[in-house]
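The values are calculated or read from the model by the stated rules, or taken from the named source; none is laboratory data. Because the structure is predicted, anything quoted here is derived from the model rather than measured. Here the Cβ positions follow ideal geometry from the backbone for every residue, glycine too, while neighbour counts run over all protein chains shown. Remember, those area values only see protein heavy atoms, side chains included, never the ligands or the DNA or RNA. Shrake-Rupley method; radii C 1.70, N 1.55, O 1.52, S 1.80 Å.
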Amino acid sequence: MGPKLAEKKRKSRESDSESDDELANGLSDGVLSLSEDEGDYSPSDDDDESGSEATEESEGEDENEVEDKDDILSDDVPSDVDGKAEIDKLVAQQGELEITEPGVDPRRKEEEEGEGENYRIEKDANGGIRYVYDEIDPVYDSDDTDAQVPVNTIGNIPLSFYDSYPHIGYDINGKKIMRPATGDALQSLLDSIEVPEGWTGLTDINTGNPLNLSQEELELVRRVQMGLIPDDLEDPYPDTVEYFTSIEEKMPLSSAPEPKRRFVPSKNEAKQIMKLVRAIREGRILPYKPPEEREREEEEKEEVHFDLWQDEEPQPPNPMHIPAPKLPPPGYDLSYNPPEEYLPTKEEKEEWENADPEDREKDYLPQKYDALRKVPAWGNLVKERFERCMDLYLAPRVRKNRLNIDPNSLLPKLPSPSELKPFPTVVQTIFRGHEGRVRSVAIDPTGVALATGGDDGTVRVWELLTGREVWSAKLSSDESVSTVRWRPTKDSFILAAAAGEDIFLMVPTHASVTPALYQASRDVLAAGFGYATNGQQQVAPTGKEPPAKWARPGTKLEDEGVLLRITVRSTVSVISWHRRGDHFTTVSPAGQRSSVAIHTLSKHLTQIPFRKHSGIAQTAAFHPLRPQLFVATQRTIRCYDLQKLELVKVLQPGAKWISSCDIHPGGDNLIVGSYDKRLLWHDLDLSSRPHKTMRFHGAAVRQVRYHKGGLPLFADASDDGSLQIFHGKVPNDHLEPPTIVPVKMLKGHRVVNKLGVLDVDWHPHHPWCVSAGADGTARLWM
Amino acid sequence: MAGKIKKKGQAGQARNYMTRTQAVKKLQLSLPDFRKLCIWKGIYPREPRSRKKVSKSATPSTTFYYTKDIQYLLHEPLLQKFREQKVLEKKISRALGRGDVSDAARLERNAARPDKTGRPRYTLNHVVRERYPTFTDALRDLDDCLSMLFLFANLPSTTAVPAKMIARCERLCLEFQHYLIVSHSLRKSFLSIKGIYYQANIQGEDILWLVPYKFNQRIVGDIDFRIMGTFVEFYMTVLGFVNYRLYTSIGLKYPPRFDQLKDDQGAELGAFSLEVVNPEAKGETKAITNGEAEQGPDPNVQAEVNKVVQQLRLESNEAAAAEDSLAQREVQGEEAPSDALDKFEPVAPGGDVLPQPSYSNTDPSQLFSNFTFYLSRETPRQPLEFILRAFGCKRIGWDSVLGEGAYTHDESDPSITHQIVDRPVIRAAMSEGGDGEDNQTTQKLGPNQRYPGRIYVQPQWVWDSINDEELKSPELYAPGASLPPHLSPFVKPTNGQYDPTRPLEEQQTEGEALDAELEDANGEDQDGEESEVENDMDVASEDEDEGEDEFGGFSGAEEDEAEEEEEEEEEEEEEEDGSEDVEESAARQRQRELEAEISGKPVPRKADAKAQAKLQAKKALLRKQRQEAEELERAKGMLSKKKRKLFEQMQYSNNKRSAEDMKLRAKRRKLEKELAKKA
């Protein structure tokens, strides 16, 4: 221990200013070590370097021992860093008297300086005056404290040894130290009542006295219990103690050569610098500028303008691109000072204001200001602009071809009214006489006589122009005459009429009928009798019932001119003559298989050409030129070739229930009337579907009829009490469509029991037509 | 063997269209970014022919885009910028989420520094070029651009509309106006209630835009300024390039020099000074001058101008004015416009006459070139300054409250020839003799003080003059006078449409004219003898009843036989209308005479006969109309259903227009009548 201390001292002497820390440490070390082994210390008093070294060398073992002790000490000291100060205090209390070593140095210095003062003046390193005070020598009297009263004289033995004695140990004078009085229970109670200062109720183990604790001690106990640092005066985080000075030394402490890295430039740093240099050169790092200035500069950079269209090339417009439509230019009513007539009236203003903004046609009301300075700001301008923006980017664009044409050009080129003439317009004659409905009308081929048949079972013949009844015959008492038809040749004057199941052929008397013609007509009817009997004889053996019976109607009727009666199996509704007048066909819708029959006048022969029908036959007609027969069922019209006996074509007019049909004299067109209020025009060459559908009637169409005498007219009769006259011109060129023009509605017939006009017929060469009405009249229109 | 069953939405129309959701998904953008991209690139939704065929889902989609359009967007470089921006935003939001405010602030700060971690910088130059392959294309689409920028130049700055944007809009607009002034391209202008419309013709393209009045704009309803801002961003780029091209095309440097100080003082147009590109050819700078630099108010010229003005005032016929303007030109020694068409007169007969576009011998762009204007402080300075300059005026002064840049702030400057005022005339001063002619001779004091030797007009005079390309007579526009209506110069008169400039008689239909006359007659009668009028009216109503009966007869189907026969008779009557009517009227006249005799009143012969004739005419007209209507019905019956519908649609719009016109004519007739009554 000794030599080490000496070494330290030497060091302190060598250096001008030794660190205080080291000194203090050394001091404390010394103090500690002295306190432990006082005996060892004295020889080190006059030790010099060599001596100490010698002792070190010679007394190796001794030194070892010492070092051992030192080690223990050194172990002890740092381990108790926290309580170091306390320990120092304790040590100071216990061993101050014996400590002499620290005083050695100053005493020696005093001798050297030879001065009696307690300080000396030295020159410090800078040449200034420095007062050096002597160390305080803690001699015996220097700092006397009262000797403490020994509290325990019994030594380290348990107190229980003195239980049987009135005293506990002896004092320094050999007198018994009396045990402190322990009172009886009352006394102790009294004691407890008068709680003295610091009373705890505990007994000191050492003295047996009641253990009183001061406030500080109590606090200490509490802190220990709480697990806190016991002494609250203690700073748990003291300032760091600097072991090395922060002041730079003039001379290095170490003489080791400086490492190379200190003076060779760093490659890494060079690399970093080069990186920066490169960044600066490339403009990635810019010299600092205040942010506002930088922003401004950048904006200017953005706003650089150049000729964007320097090398422009017109491109063909993309067909898919639809440019945004421009806003319409402002009109007169948007002016701040519009003409007066553009200003809204009070009603218009109210209407505009009450309307929902979306429903308004214009988004402004015209207003008039008499001076420009009075015009206010337009409040909706921003909104309108915004809406325009929305339209520009959100509204789907569609290219709409606005038809900027005169709507009238869409209308078909109709022939002028003068071209369409003549057509019937007014009632010329009203034929009254029938009781009940007039079922059917027909004008004879010469155009002088009109035949009518009605519900009263009579057939009447009238003078066409005057309306005078010239002939009549009652064919049936209970059945109505459903249809009357003239034989279409001019060499005879024969009328066919159907009443119930019977078909009558008659030759009415009329002023225009010459006796020769009359006779010829009778001959025509009579010619077949001989033949018919032969025929019947041939037919009879087959055992089948003949399709029709040809017979004379009886003398009464024969006298009136009714010469022939044909009886078929069921009620006949339609008679249609062949153009030559030898054949006619009848249709009886209820007749099922035999509903369509063809009668041959010259042979008195009746044939039933079809065994099957796809529906109920409604009407039938011969083709005007070819040997073909058209049979209309409810839905379809079939055309049969009578020579080859085969189906030629099927027409589908699309009507629900066909009432009637007629064939154009040219043979290529057909009109169909239907109970579902339609009139249909078929072009036979084009399609099986109708060419035109006309729906001008409010009720069923009962009869349709072409003009057969060369005028381009056709008419239909309807249950709404009207006739409609159409101009229907069939061009000679087959490729051109027929021109159909409605020309006239003839109204006059009354509607009786929802029946209006039941039949219509054209005059053979004049533009006149005759209609049969349910009101019991027939009318001639011209 | 049956063909492969085709899946829905795999071919045909369905492949050509894409809903918006699909498009956004495909581009991997957010909806606002997609919107931005669509606005800039000019991609708009399409309406497919059949929505059902196109939509692949059951729910009805609203917006469809062409698939090709979206594919085209896929290659857009801006797309990458959007994504980078998104990354930056994510970084900032993540930093904020971690509570790392300083990091967020750093990223935010760096937003302006793309070299660090900041927001990507982008320009729309390439987009402009793509959308407008040629300069003409850009000009064609300039309408919306200008309207938008002029609006934004007048908006107050908010957070959504930064002041910087407004300033830039204003600058671009003023630069554009400068071009129009220099090139004299402004053609028309119109004062509407919404703002002022301008029309310019640049390189053959008509451009029409709307500039709001200088008031604080009210912002109503929900307006998304982000959308508007996107548009404005694009439009600013477009107008910048357009301005550059326009300036360079007339040899000016772009951008023009901008004087911040002057602009702060409210000089507006005057804050810019135009520079010529190659200074050797022309003067160094061609600042917008007020004339003093070039010639100054030369007393000779001034006298001449005054003389001309005097003449203009005195002689109102056009020929004189034309001569004057020619004289003016000679006096000024200006170069005659060499690019004008020459008139080709046939020398020898026999050649064809070739039509030439007509041109007036006055150059409208120099309409105001000889005048010095002074704007009173209540007039709108900006539009007036712009229009006057665009039409050749060099010297414009105004009150100093209107801002910097005036030729003079002194109202009493002797060189002023025209003063534009918009203030009412004080009554007391009027009584002294406020005639338009008088302001030349009589010196007045007080509020209506006027300087002799100058013309006082209201602002509308300027607009009407430029629209008609001739100086309007200033008397009509004198202060305090009730102005003639200001008409839109953009309405092209089409045939058959109502035109307020033409007299009513030329435009009204026959029926209307007759109606009006009848009313007139009735009115006169009412003024005269009341009993007669009643009688007359009775007759008239009877007649009308008859007419209506006839009319009904055509359609009525359920009449009795008897009735019908009557009708037939009537029809027959109608046929020989002419002779019968005369007889009838004679009979009525006689009847009236008898009645008058009984009541002891004079017989109104003449007027009655006239009214009768008119009634007849009206009846004839009605009959004719009825026939026409019947004819039309007949023809319509022959049309197919589809065509009939189309026809009716067309008819509808035509009828609507004609009904509107009729209403206007009726109003005008009423007004004219009132006026006549007053007079």
Could you check how much of the accessible area of region B:124-273 is carbon and sulfur, as a whole percent, using a 1.4 Å probe? 48 percent
Threshold 40 Å², probe 1.4 Å: give the residues of region B:458-484, in number order, that are less accessible with all protein chains present than with their chain alone. B:483
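Assuming a ≥ b ≥ c are the square roots of the Cα gyration tensor eigenvalues, decide whether region B:124-273 counts as rounded (a/c under 1.5), prolate (otherwise, with a/b larger than b/c) or oblate. Each step should come with its number before you reach the end.
Numbers: a/c = 1.32, a/b = 1.19, b/c = 1.11.
Rounded, since a/c falls under 1.5.
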Estimated vicinal HN-Hα couplings, Hz - region B:372-384 in sequence order (Karplus 6.51, -1.76, 1.60; Gly, Pro = x): 10, 9, 10, 9, 5, 6, 8, 8, x, 6, 4, x, 5
In what sequence, highest mean first, do B:247-254, A:197-204, B:38-45 appear when ranked by Cβ atoms within 10 angstrom? B:38-45, B:247-254, A:197-204
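For region B:124-273, what is the charge dipole size about the Cα centre, in debye to the nearest 20, if Lys and Arg each add +1 at the Cβ and Asp and Glu each add -1 at the Cβ? The partial results should precede the final answer.
Numbers: 16 positive and 16 negative charges, 44 e Å.
Rounded to the nearest 20 debye, it is 220 debye.
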Given labels modelled 7 Å from the Cα in the Cβ direction, how far is it in nm from residue A:271 to residue B:621? 10.4 nm
Going down the list B:253/B:394; A:692/B:656; A:349/B:670, which pairs span over 29 Å between their C-alpha atoms? A:692/B:656
Under 17 Å from the Cα of residue A:267 - lysines, other chains or at least 8 residues apart: A:275
Run the numbers on region B:218-238: which residues show a drop of 40 Å² or more in accessible area, chain on its own versus all protein chains together, using a 1.4 Å probe over heavy atoms? B:218, B:220, B:223, B:227, B:228, B:231
Computed over region B:124-273, protein heavy atoms only, probe 1.4 angstrom, the accessible area per residue in square angstrom equals 34 Å²
Round to a whole number: what % of the accessible area of region A:613-781 belongs to carbon and sulfur, probe 1.4 Å? 50 percent
With heavy atoms of protein chains only and a 1.4 Å probe, what residues of region A:745-761 have at least 30 Å² less accessible area in the full set of chains than alone? A:747, A:750
In Å² (nearest 100), what accessible area is buried between A and B, both sides summed, heavy protein atoms only, 1.4 Å probe? 9100 Å²
Going through A:400/B:663; A:474/A:556; A:649/A:708; A:612/A:649 one by one, the pairs whose alpha carbons sit over 21 Å apart turn out to be A:400/B:663; A:649/A:708
Considering Cα pairs under 8 angstrom that are at least six residues apart, work out the relative contact order of region B:1-95 and quote it in whole percent. 37 percent
When every protein chain stays in place and a 1.4 Å probe is rolled, A:263, A:610 sorted by accessible area with the largest first are A:263, A:610
Averaged across A:363-372, how many Cβ atoms of other chains sit within 10 Å of each residue's Cβ atom? 5
Taking amide H positions as placed in the peptide plane 1.01 Å from N, state which residues far from residue A:493 in sequence (5 or more) or on other chains have amide H under 5 Å from it. A:521
